[in-house]
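Below: the structure, in structure tokens.
Each value in this text was obtained by applying a stated rule to the coordinates, not by laboratory testing. All values derive from a computational prediction rather than experimental measurement. Backbone-built Cβ (ideal geometry, glycine too); neighbour counts: all protein chains shown.
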Amino acid sequence: MLTQKKYKIIFLNQMAGPLFRELTENLAKVWPQSILLTGNIDTICCNVDPCLHIEPAPGYDRSNYFSRFRSWVKYFFKALWFVWKQPKDSTLFIVSNPPFLGLVGLFFKYVRRQRYVVLVYDIYPDMLIGLGRLKRGVISGCWDYFNRLVYENAAQMITIAHDMSMRLEKKFDVFKTDGKKIVCIPPWADIEIIKPLDKKQNRFAAKHDLLDKTTILYSGNMGHSHDIETILQVTKKLKREAGIHFLFIGEGAKWSLVEKTIEEYQLKNITLLPFQPEEILPISMASGDIGIVTYEDGTQGCMSPSKACYYMAAGLPVLVISKYETDLTRLVEEKGCGIWVKNGDVAAMAKAVKELSENPVLLTRYKKAARKTAEQFYSRKNSELFVNVLKAIG
């Protein structure tokens with residue numbers, strides 16, 4: 001039985017997608033007999049390296065706030081019980097979603113001095129406060145207090161962007177961790193799998209009638225932390241531009257907003273699709289010409305969308321919507337692989353999209369720069385940095 005095995009590393013991630021699965025596989029090759037506890041059905045059904053075991057757990061339900069919280073609680077107690085049955089010398093590798101998952105690590109640190117590492121993808125409660133969904137008060141204060149305990153008792157704190165690292169440094173005493181610092185490791189895409197593909201050879205693009213159009217792709221979660229509204233305003237402004245098409249792929253709280261906008265304004269320049277099977281990802285990404293990343297105002301520094309790495313790997317310049325400067329806005333401007341527009345600046349975004357659509361030479365230059373940036377900074381080699389981090393803490 002699985003519970004009789006001794007695992008070197010226990011990975012806790014309810015929504016472990018391709019990015020995290022690649023990380024766990026790479027680490028399991030260094031520390032064989034590691035296990036990932038996840039509710040992501042694609043990852044559960046995936047053929048992974050024999051060094052890594054997959055343990056099914058309750059999945060994440062995005063349907064509404066209650067279903068989200070309920071699914072978080074189910075996963076939390078599954079993780080708690082699973083770890084309880086394992087030897088205390090296993091290292092726990094915990095991500096920041098569900099937002100209170102770090103308490104599993106804190107519990108076992110107090111009860112049996114078990115070591116844990118925290119990887120922060122999203123910073124709570126700051127995200128909710130920035131979105132205006134939570135006010136500073138007793139709840140946020142308690143949340144920050146428990147976060148501080150979780151962070152300061154970790155063997156190592158890791159995050160994925162410099163902006164996030166700077167915000168985290170203000171929330172706890174980093175010198176109380178074993179690592180004495182926050183390590184920043186950028187996300188990545190498997191550039192051998194996600195890569196440019198001629199649209200004429202792309203069956204996904206052909207299926208959705210995208211062959212002769214400049215395709216503006218938004219792929220990923222359409223949640224409250226993403227400014228979908230600005231994109232929709234641009235789709236309405238450019239609805240008579242027959243050569244420009246917007247492709248939305250994903251799910252989330254704002255999916256219905258996209259659907260409603262299409263129906264209400266009879267927009268023929270939008271295709272709305274649910275998340276596609278993982279094996280479709282290489283061709284769905286390559287079907288785009290420009291990839292959109294959005295920050296809802298107030299979320300800057302609280303997250304760093306990994307979809308940008310996939311866009312660049314597929315050779316898509318990144319159009320970033322953000323009110324303030326972020327790691328990503330600095331990157332696209334410095335490397336010439338994308339454009340930054342501010343939330344609500346419909347005219348600027350429409351102008352940028354139209355200019356790239358009408359100037360294939362300029363678009364090609366952006367595409368080459370995007371792919372080059374992915375190859376240099378956002379390949380799977382980034383996962384090797386986690387090996388160094390874990391070795392450094394023993």
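Tabulate in residue order the Karplus-calculated ³J(HN,Hα) for region 208-219, using 6.51 cos²θ - 1.76 cosθ + 1.60 with θ = phi - 60°, rounded to whole Hz; enter x for Gly and Pro.
9, 6, 10, 4, 10, 10, 7, 9, 9, 9, 10, 10
Can you give me the distance in nm between label points at E384 and R330, each placed 7 Å from the Cα along the Cα-to-Cβ direction?
2.5 nm
Taking only C-alpha pairs under 8 Å that are 6+ residues apart, what is the relative contact order of region 50-151 in percent?
20 percent
In terms of the ratio Rg/(2.2 N^0.38 Å) built on C-alpha atoms, what value belongs to region 267-318?
Normalised Rg, Cα atoms only: 1.29.
Amide H of G250 versus every other amide H placed in the peptide plane: which residues, excluding those fewer than 5 positions away on the same chain, fall under 5 Å?
Sorted by chain and number, the residues that satisfy this are G220, L273, F275.
Hey, what did the chain get for relative contact order, percent, Cα under 8 Å, at least 6 apart?
Taking the mean separation of contacting Cα pairs over the length of the chain, I get 14 percent.
Between region 207-276 and region 24-39, what's the alpha-carbon centroid distance in Å?
37 Å
Give, rounded to the nearest 20 debye, the magnitude of the charge dipole that the chain has about its Cα centre when Lys and Arg contribute +1 at Cβ and Asp and Glu contribute -1 at Cβ.
Magnitude of the dipole: close to 760 debye.
From zero outward in steps of 20 Å, how is the percent of C-alpha pairs of the chain spread across the bins?
Calculated over all Cα pairs of the chain, the distribution is 27, 58, 15, 0 percent.
In angstroms, what radius of gyration and Dmax does region 265-394 have, counting Cα atoms only?
Cα-based Rg and Dmax for region 265-394 come out at 16.3, 59 Å.
In straight Cα distance, which lysines are under 18 Å from K237, not counting same-chain residues fewer than 8 positions off?
K213, K260, K268, K342, K351, K354
Which lysines have a Cα lying under 16 Å from the Cα of K180, excluding residues fewer than 8 positions away in the same chain?
K170, K171, K391
Could you give me D for region 13-143, from Stokes-Einstein at 4 °C and 1.567 mPa s, where the hydrodynamic radius is the Kirkwood radius over C-alpha pairs? Units µm² s⁻¹, please. Provide the component values of the computation, followed by the final result.
Working: Rh = 15.8 Å.
In µm²/s, the coefficient rounds to 82.
So what J values fall out for region 265-270 if you push phi through Karplus, 6.51 cos²θ - 1.76 cosθ + 1.60 with θ = phi - 60°, rounded to Hz, Gly and Pro as x?
Per residue, the Karplus-derived 3J(HN,Hα) values read 9, 6, 7, 8, 9, 10 Hz.
Provide the FRET efficiency to the nearest 0.05 for the K29-F69 pair, computing r from the beta carbons and using R0 = 51 Å.
So the FRET efficiency works out to roughly 0.90.
Say R0 is 41 Å: what FRET efficiency, to the nearest 0.05, do C45 and L362 get from their beta-carbon distance? Could you put the intermediate results ahead of the total?
Details: r = 42 Å, r/R0 = 1.02.
For R0 = 41 Å, the calculated efficiency reads 0.45.
Where a Cα-Cα gap under 16 Å defines reach, which lysines qualify for K368, not counting those fewer than 8 residues away within the same chain?
Here the lysines satisfying the reach criterion relative to K368 are K195, K199, K335.
Mean projection of the alpha-carbon convex hull of region 37-90 over all orientations, in nm²?
So the mean shadow area of the Cα hull is 4.4 nm².
In Å, what is the Rg of the alpha-carbon atoms in region 1-72, and how long is Dmax?
Rg then Dmax for region 1-72, in Å: 12.9, 39.
Through the Karplus equation 6.51 cos²θ - 1.76 cosθ + 1.60, θ set to phi - 60°, convert the phi angles of region 365-370 into ³J(HN,Hα) values in whole Hz; use x for Gly and Pro.
5, 5, 5, 5, 5, 5
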